[in-house]
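Everything below concerns the one structure shown next.
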Amino acid sequence: MKVLLTAINAKYIHSNLAVYSLKANCGSYEPQVKLMEYSINQYPEEIFQSLYREKTDVVCFSCYIWNIGIVGQVAGWLKQVMPGIKIWLGGPEVSFDIHERLKKWNFIDGIMYGEGEDTFREMMACWNGEKNIEDILGIGHRQRDGKVHVHFPRDFVNMSQLNFVYTQSEKFKNKIIYYETSRGCPFQCSYCLSSVEKKVRFRDLKLVKQELQQFIDWGIPQVKFVDRTFNCRREHSMEILKFIKAHDKGKTNFHFEITADLLTEEELDFMAGLRPGLIQLEIGVQSTNPATLKEIRRNVSFEKLQRIVRRIHVGKNIHQHLDLIAGLPFEDLERFKQSFNDVYALKPEQFQLGFLKVLKGSYMREKAEDYGLIYQPEPPYEVLATRWLSYDDLLVLKSVEEMVEVYYNSRQFENSLNWLENYFPSAFVMYETLARYYETKGLNGISHSRLARYEILLDFVRESMKEEETNIFVQILTYDLYLRENVKSRPAWAPNQDTYKGLYVDFFKNEENRSRYFSGYEGYTTKQIQRMTHIERFDLPVRTDMAGTGAGKGPVFIWFDYMHRDPLTYKSRTVEVKLW
């Protein structure tokens with residue numbers, strides 16, 4: 001018997017925790033199981049050919065909104081060329097419409113729903129002729145007479161009895177490792193499937209610590225916890241945080257999804273002492289409208305949340321990722337703009353503007369008629385309109401989302417955006433205006449290079465501001481460019497530096513400067529250091545707060561040290577140097 005557990009991930013760097021856990025927990029049948037991972041960026045034909053060459057008996061697909069279309073194509077082709085193959089599905093995208101899915105897709109033999117470890121192990125016994133399929137809970141399948149039979153659900157698994165999923169590090173050198181220490185969520189947010197599973201269960205901390213130590217010893221770059229609310233049990237989350245701090249080797253980053261307003265003073269004080277870059281926090285704000293939060297059953301105080309986010313930000317050691325969802329009830333375009341500006345003012349390291357997905361099995365789908373929800377009938381079931389938002393409104397938000405992703409979340413334009421905000425009524429208006437500029441100039445739908453984005457932003461400023469303001473902006477934009485990138489092909493728009501080339505050469509040759517500034521560059525020649533770093537002259541104090549016009553005393557010479565970067569922002573170290 002040969003069984004393929006197949007994952008088609010959203011990106012190459014992702015891995016699929018579900019299939020790894022099924023294989024790790026299928027007992028003596030594990031040698032019969034092979035993991036096959038692909039990404040949605042591959043052609044369906046390529047995935048189909050790869051699976052066909054395996055000449056397997058059973059193929060199981062892990063199904064989500066981002067891959068179900070490809071799964072349907074590939075599974076259908078496999079059944080056509082291999083009529084005797086068994087094809088089973090599992091995952092959230094197929095767990096809430098089992099009858100309909102099996103009737104619609106006649107090439108599918110069955111679906112596993114709910115937590116799958118015990119179910120998959122029993123199905124392995126069934127496929128080996130050791131168990132009757134009618135005795136297995138948590139499945140739906142097509143019987144010999146063609147009728148669909150959905151069995152009773154299976155009870156939750158004991159998380160402490162599950163085997164450790166990962167047995168080798170080499171496979172994950174360039175991928176994110178997903179890890180869980182709890183399942184379920186104590187909250188009942190109406191848009192989320194986690195609210196369906198109300199019982200929260202935790203893995204024994206002794207096992208968790210052993211497994212975290214393995215990740216740390218392997219030097220895994222990032223471990224992403226999939227716990228729906230990592231800090232819902234304070235004793236559990238604090239024990240984990242204390243462990244990773246005590247055993248940190250300076251290489252691994254841990255990502256947690258949290259509810260910020262649950263954090264206590266003790267937790268905040270502890271987090272303030274963590275190594276920069278050791279952890280990052282994903283915080284779902286979703287909306288700052290009290291009426292919306294109440295309606296979606298999200299009991300969160302934004303006032304408390306923003307205080308905590310700002311406090312964490314002061315420490316400059318923790319990456320914070322804040323989310324909003326467009327399309328929620330009681331939030332029209334104007335009220336969403338306020339939510340946007342409220343969250344933007346917190347200056348998170350990443351700010352994601354997402355759009356409501358009306359998921360199968362969610363309470364939001366039950367309320368679709370009440371809310372006037374129009375949404376895509378096929379995955380990802382994204383909202384198209386509501387009683388409060390028209391599709392025109394959503395198109396505005398889509399264009400703003402693109403600008404935020406390109407200019408804010410890239411972190412390449414931080415000072416430029418801070419300066420630019422002062423010339424607009426709000427941050428939202430700034431991005432909305434920039435989005436209209438892209439549309440007017442025909443810039444949408446083009447794969448612009450990184451440097452082209454700088455030039456577009458500069459052209460945007462040139463069209464709307466005076467020459468004096470534009471000249472100031474050029475210098476701030478240049479500072480942002482060299483803050484992140486050691487570009488040797490200088491853009492044409494950057495201020496000319498030819499007058500100072502001799503001074504720059506003398507700076508690097510000066511032995512006093514070598515001992516004063518160049519720590520970490522021992523063993524490198526003067527020319528090598530010159531190539532590995534950069535000096536730039538500015539006529540204003542670009543390293544100060546960018547509020548106001550930015551005008552001030554000058555000139556200043558900034559040395560950009562790319563060997564020593566901020567572990568949180570990847571910015572180079574900057575030093576103001578004297579050249580005479």
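Go through the residues of the stretch 264-277 one by one and say whether even a single one is among the β-branched types (Val, Ile, Thr) and surrounded by 14 or more Cβ atoms within 10 Å (Cβ to Cβ).
Quick first cut of the stretch 264-277, residues among the β-branched types (Val, Ile, Thr) only: 264.
Of the ones still in play, those that are also surrounded by 14 or more Cβ atoms within 10 Å (Cβ to Cβ) are none.
The answer is no, given that none of the residues of the stretch 264-277 is among the β-branched types (Val, Ile, Thr) and surrounded by 14 or more Cβ atoms within 10 Å (Cβ to Cβ).
Among the residues of the stretch 97-117, which ones are assigned to a helix (DSSP H, G or I) and surrounded by 19 or more Cβ atoms within 10 Å (Cβ to Cβ)?
If we filter the stretch 97-117 for residues that are assigned to a helix (DSSP H, G or I), which is where we start, we get 98-104, 117.
Those that are assigned to a helix (DSSP H, G or I) and surrounded by 19 or more Cβ atoms within 10 Å (Cβ to Cβ): Ile98, Arg101, Leu102, Glu117.
Being of a type outside the set (Ser, Thr, Tyr), within 21 Å of the chain's Cα centre (by Cα), surrounded by 18 or more Cβ atoms within 10 Å (Cβ to Cβ) and not in a loop (DSSP other than H, G, I, E, B) is the filter here; which residues of the stretch 309-341 pass it?
Val309, Ile312, His319, Gln320, Leu322, Leu324, Ile325, Ala326, Phe340, listed by residue number.
Can you tell me which residue is farthest from the chain's Cα centre (by Cα) among those in the stretch 16-31 that are surrounded by fewer than 17 Cβ atoms within 10 Å (Cβ to Cβ) and under 18 Å from Glu54 (Cβ atoms)?
Checked the stretch 16-31; the qualifying residue farthest from the chain's Cα centre (by Cα) is Pro31.
For the stretch 351-380, how many residues are surrounded by fewer than 17 Cβ atoms within 10 Å (Cβ to Cβ) and under 30 Å from Asp566 (Cβ atoms)?
The number of residues fulfilling the criteria is 1.
Going through the stretch 359-409 one residue at a time, which ones are more than 20 Å from Gln188 (Cβ to Cβ) and part of a loop (DSSP other than H, G, I, E, B)?
Gly372, Gln376, Pro377, Glu378, Pro379, Pro380, Thr386, Arg387, Trp388, Leu389, Ser390, Asn409
The rows are residues; the columns are (1) modelled with pLDDT of 95 or more; (2) at negative phi; (3) assigned by TED's automatic domain parsing to the domain that holds Arg565; (4) part of a helix (DSSP H, G or I).
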residue: Leu477; (1), (2), (3), (4): yes, yes, no, yes
residue: Tyr482; (1), (2), (3), (4): yes, yes, no, yes
residue: Pro495; (1), (2), (3), (4): no, yes, yes, no
residue: Thr499; (1), (2), (3), (4): no, yes, yes, yes
residue: Val505; (1), (2), (3), (4): no, yes, yes, yes
residue: Ser515; (1), (2), (3), (4): no, yes, yes, yes
residue: Pro541; (1), (2), (3), (4): no, yes, yes, no
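Surrounded by 18 or more Cβ atoms within 10 Å (Cβ to Cβ) and within 30 Å of Tyr371 (Cα to Cα): which single residue out of Glu303, Glu282 fits that description? Let's see the steps before the verdict.
Numbers: Glu303 fails: surrounded by 18 or more Cβ atoms within 10 Å (Cβ to Cβ).
Criteria check complete, one pass: Glu282.
Which residues, taken from the stretch 517-532, are in a helix (DSSP H, G or I) and not β-branched (Val, Ile, Thr)? Give the derivation first.
Just the residues of the stretch 517-532 that are in a helix (DSSP H, G or I), to begin with: 517, 526-532.
Tyr517, Lys527, Gln528, Gln530, Arg531, Met532, listed by residue number.
Out of all the residues in the stretch 56-75, which are closer than 18 Å to Leu102 by Cβ and surrounded by fewer than 19 Cβ atoms within 10 Å (Cβ to Cβ)?
Gly69, Gln73 - these are the residues of the stretch 56-75 that are closer than 18 Å to Leu102 by Cβ and surrounded by fewer than 19 Cβ atoms within 10 Å (Cβ to Cβ).
Quick check on this structure: which one of Val208, Val157, Val223, Val165 is within 20 Å of Asp118 (Cα to Cα) and either in the same structural domain as Lys294 (by TED's automatic domain parsing) or touching a Phe, Trp or Tyr at 6+ places or on another chain (Cβ under 9 Å) (or both)? Steps first, answer last, please.
On the way: Val208 fails: within 20 Å of Asp118 (Cα to Cα); Val157 fails: either in the same structural domain as Lys294 (by TED's automatic domain parsing) or touching a Phe, Trp or Tyr at 6+ places or on another chain (Cβ under 9 Å) (or both); Val223 fails: within 20 Å of Asp118 (Cα to Cα).
The match here is Val165.
Which pairs turn up if I take residues in the stretch 270-281 that are touching a residue at least 40 places away in the same chain (Cβ under 8 Å) and look for partners that are charged (D, E, K, R) and part of a strand (DSSP E or B) with beta carbon separation below 9 Å, at least 6 apart in sequence or on another chain?
Leu281/Glu257
Pull out all pairs, ordered by first then second residue, where Cβ-Cβ is under 7 Å, the residues are six or more apart or on different chains, the first lies in the stretch 135-147 and is under 21 Å from Gly116 (Cα atoms), and the second is among the small types (Gly, Ala, Ser) and part of a loop (DSSP other than H, G, I, E, B).
Correct list of pairs: Gly138/Gly114.
Being out of contact with any strand residue (DSSP E or B) (no Cβ under 8 Å at 6 or more places or on another chain) and either farther than 25 Å from Phe413 by Cβ or modelled with pLDDT under 90 (or both) narrows it down to one of Lys488, Lys466, so name that one. Outline the logic, then answer.
Values: Lys466 fails: either farther than 25 Å from Phe413 by Cβ or modelled with pLDDT under 90 (or both).
Every option except Lys488 fails the conditions.
Which residues, taken from the stretch 433-468, are closer than 22 Å to Phe351 by Cβ, touching a Phe, Trp or Tyr at 6+ places or on another chain (Cβ under 9 Å) and either not in a helix (DSSP H, G or I) or not β-branched (Val, Ile, Thr) (or both)?
Keep residues of the stretch 433-468 that are closer than 22 Å to Phe351 by Cβ, which gives 433-439, 443-444, 448, 450, 453-454, 456-457, 460-461.
Among the residues that remain, those that are also touching a Phe, Trp or Tyr at 6+ places or on another chain (Cβ under 9 Å) are: 433-434, 437-438, 443-444, 453-454, 456-457, 460-461.
If the condition is that a residue be closer than 22 Å to Phe351 by Cβ, touching a Phe, Trp or Tyr at 6+ places or on another chain (Cβ under 9 Å) and either not in a helix (DSSP H, G or I) or not β-branched (Val, Ile, Thr) (or both), then Leu434, Tyr437, Tyr438, Leu443, Asn444, Arg453, Tyr454, Leu457, Phe460 are the ones that fit.
How many residues are surrounded by 16 or more Cβ atoms within 10 Å (Cβ to Cβ) and small (Gly, Ala, Ser) if we restrict to the stretch 405-436?
3
Taking the stretch 342-388, which residues are touching a residue at least 60 places away in the same chain (Cβ under 8 Å) and over 23 Å from Glu282 (Cβ atoms)?
Lys360, Lys367, Glu378
The values are calculated or read from the model by the stated rules, or taken from the named source; none is laboratory data. No experiment lies behind these values; they were computed from the predicted model shown. FYI the Cβ positions are ideal-geometry reconstructions off the backbone, even for glycines, and counts take in every protein chain you see.
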